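Colleague: This is the structure, below, for whatever I ask next.
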Amino acid sequence: MKRIIFLDIDGVMASLDFLCNSYHDGVRRDEMPGHGYMDPDKVKLLNRLKGDGVEILISSSWGTTAIEPLKELGCEIPIIGTINHYWQDWICRGSEIDEYLVENFGSSTKWGDTPHDVEYVIFDDDADMLLGQVNHFIQTNRETALTEEDIEKAKEILKLK
């Protein structure tokens, strides 16, 4: 069984507080691995979902530019690529994720169907998902970004032990 994390970056891997401060744990943000745009503490949290076929797909406008910073910060979950991002306000992120699931697993999530052979969770600070994705969506708070509570919910969604 595949387990996919659709991962947005801004508001998930870095809180507003992190981005508004020049230093993190006594280190200048711009001198940190990942160039200071992602919080290393959020990567450690994300790593708690490692194992049992879990993989990451970047579902952010960052696209492929998010991959190296995540790796530099110690992401231990395989990053298998990015979803198509169309850069148009009228196409919601949920539709971009649905397109990936249809192309790769043959089933749309628009009406709540779960594609066969895959469990997935969506981490995003924006709520532009499809109604059928509601049971797979964890909306993070931009102020705090990813939290331990979010990780516990994701474990339940992904059916991790």
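Any read-out appearing in this document is the output of simple, stated calculations on the displayed coordinates, not a laboratory observation. Just so you know, these numbers come straight off a predicted model, no measurement behind them. Cβ atoms come from the backbone with ideal geometry, glycine included; neighbour counts cover every protein chain shown.
Colleague: I want the local charge near R48. Using Cβ-Cβ distances under 14 Å, sum +1 for each Lys or Arg and -1 for each Asp or Glu among the other residues.
Modeller: So the surrounding residues net to -1.
Colleague: For helix 148-158, what angle does its Cα long axis make with the longest principal axis of the chain, in degrees from 0 to 90 and rounded to 10?
Modeller: So the helix axis and the longest Cα principal axis differ by about 30 degrees.
Colleague: So, counting K/R as plus one and D/E as minus one, what does the shell of residues with Cβ under 10 Å around D17 add up to?
Modeller: Once positives and negatives cancel, what remains is -1.
Colleague: Another question, if that's okay. Could you name the lysines in cross-link range of K71, using Cα to Cα under 20 Å and dropping any fewer than eight places away on the same chain?
Modeller: Leaving aside lysines fewer than 8 places away in the same chain, those within reach of K71 are K42, K44, K50.
Colleague: Counting Lys and Arg as +1 and Asp and Glu as -1, what is the net charge of the other residues whose Cβ lies under 11 Å from the Cβ of T147?
Modeller: Working: positive: K42, K153; negative: D41, E143, E148, E149, D150, E152.
Net of charged neighbours comes to -4.
Colleague: Now, a different point. About the Cα centre of the chain, what is the dipole size in debye to 20, counting +1 per Lys and Arg Cβ and -1 per Asp and Glu Cβ, all else neutral?
Modeller: 420
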